[in-house]
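Each remark here refers to the structure printed beneath this line.
The values are calculated or read from the model by the stated rules, or taken from the named source; none is laboratory data. The structure displayed is predicted, hence computed values, not measured ones. Because the Cβ atoms are built from the backbone with ideal geometry, glycine has one as well, and the counts that use them run over all protein chains shown. For the accessible areas, the whole protein counts, side chains as well, though only heavy atoms, and no ligand, DNA or RNA atoms are used. Shrake-Rupley method; radii C 1.70, N 1.55, O 1.52, S 1.80 Å.
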Amino acid sequence: MRPAEVTEIWRHPLKSHGREALDTVTLSAGQTMPGDRVWAVAHEASKADGSEWVPCQNFTRGAKAPALMAVNARLDDATGQLTLTHPDRPDLTFDPENPTDLPRFLEWEKPLLPANRAGSSHIVRVPGRGLTDSVFPSITLCNRASHRAVEQAIGHPLSPLRWRGNIWFDLGEAWAENEWLGREVQIGEAVLAVRDRVVRCLATTANPETGERDADTLKTLKDNWGHQDFSVYAEVIRGGPVRIGDAVKVL
């Protein structure tokens, strides 16, 4: 049997504010994917100040603001300029590192947020790591076979973008990735240690094209498999390039 192959690579430059497809990426040991969750949007009740990692509750996110799930992103690695698009908003290009650009971003984002929640206030970055939901810098690995199982159980097609994963492949068997915990997997020239299953939140109930909640993914997972997990968190232990079409194999 041939090993699985990488089918998609995604990064999310501004946490919960869009995704960007890649053809190749070079991973580094102990680091998140380059350009992934580099920044996050802190809200008015947040304790985030950029000095250290903090949990996702400190940030404006798709679980509380489903309209954000329809954002797409494009990061210019050379200039640091980030472009956000949304079906209900004009395109916005700004520099997340430039305080003078912050008011333009907040104005752009505001119509996408619920009026009854703490509003966004500032953008943070933690030196040396991306703001993934895991305590450790992680890469999220996703199995297409598991996605198909959820689609079949829910009874209609679902966009895999609901899961906001980093590296996708097809193991041919649903939930086979959950057997990787405590093991190492080689993807392209990189080696990752699989650390945890990813417990999912309300963000996955929103349609990535419309930003509207239209599928009860959490109930589907719970009723059919007794958990609310999809995909696994892995830590890079040996860096190297990863490309579309690269082999994925357990060591």
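Applying the criterion of being over 17 Å from Met69 (Cα atoms) and in contact (Cβ under 8 Å) with a residue 24 or more places away in the chain to the residues of segment 92-116, the residue that is surrounded by the most Cβ atoms within 10 Å (Cβ to Cβ) is Pro96. Evaluate segment 133-148: report whether one residue or more is within 22 Å of Gly35 (Cβ to Cβ) and basic (Lys, Arg). No, because not a single residue in segment 133-148 is within 22 Å of Gly35 (Cβ to Cβ) and basic (Lys, Arg).
Put simply, of Val236, Val250 the only residue that is buried (at least 18 other Cβ atoms within 10 Å of the Cβ) and either of a type in the set (Val, Ile, Thr) or within 27 Å of Gly30 (Cβ to Cβ) (or both) is Val236. Residues in segment 170-203 that are within 29 Å of Phe59 (Cβ to Cβ) and charged (D, E, K, R): 5 in all. Can we say Ala67 is outside any loop (DSSP other than H, G, I, E, B), open to solvent by less than 30 Å² (accessible area, probe 1.4 Å), of a type in the set (A, V, I, L, M) and closer than 23 Å to Glu235 by Cα? When the stated conditions are applied, Ala67 does not pass them. Exactly one residue out of Ala215, Ala234 is small (Gly, Ala, Ser) and either part of a strand (DSSP E or B) or closer than 28 Å to Asp23 by Cβ (or both): that is Ala234. Filter segment 13-58 down to residues that are open to solvent by 10 Å² or more (accessible area, probe 1.4 Å), within 27 Å of Lys110 (Cβ to Cβ) and not aliphatic (A, V, I, L, M), then give me how many there are. Count: 19.
Return a yes/no flag: does segment 120-139 have any residue that is open to solvent by less than 30 Å² (accessible area, probe 1.4 Å), touching a residue at least 40 places away in the same chain (Cβ under 8 Å) and of a type in the set (Asp, Glu).
So far as segment 120-139 goes, no, none of its residues is open to solvent by less than 30 Å² (accessible area, probe 1.4 Å), touching a residue at least 40 places away in the same chain (Cβ under 8 Å) and of a type in the set (Asp, Glu).
Scanning segment 31-51 for residues that are at pLDDT 95 or above, under 11 Å from Val124 (Cα atoms) and either among the polar types (S, T, N, Q) or in a loop (DSSP other than H, G, I, E, B) (or both) yields a total of 2. Residue count for segment 17-41 under the criterion of being of a type in the set (S, T, N, Q) and in contact with a Ser or Thr (Cβ under 7 Å, 6 or more places away or on another chain): the result is 1.
Does segment 152-159 include one or more residues that are open to solvent by less than 40 Å² (accessible area, probe 1.4 Å), at pLDDT 95 or above, touching a Lys or Arg at 6+ places or on another chain (Cβ under 8 Å) and under 21 Å from Arg37 (Cα atoms)? Checked against the condition, which is being open to solvent by less than 40 Å² (accessible area, probe 1.4 Å), at pLDDT 95 or above, touching a Lys or Arg at 6+ places or on another chain (Cβ under 8 Å) and under 21 Å from Arg37 (Cα atoms), segment 152-159 yields no hits at all. Taken over segment 160-188, residues that are crowded, with 22+ Cβ neighbours inside 10 Å and among the basic types (Lys, Arg) amount to 1. For beta carbons closer than 9 Å, sequence separation of 6+ or different chains, a first residue in segment 206-229 that is surrounded by 16 or more Cβ atoms within 10 Å (Cβ to Cβ) and at pLDDT 95 or above and a second that is of a type in the set (Phe, Trp, Tyr) and in a loop (DSSP other than H, G, I, E, B), the qualifying pairs are Trp225/Trp175; Asp229/Trp175.
In segment 115-192, counting only strands (runs of 3 or more DSSP E) that sit wholly within it, the ones holding 3 or more residues that are of a type in the set (A, V, I, L, M, F, W, C) span 139-143, 167-169.
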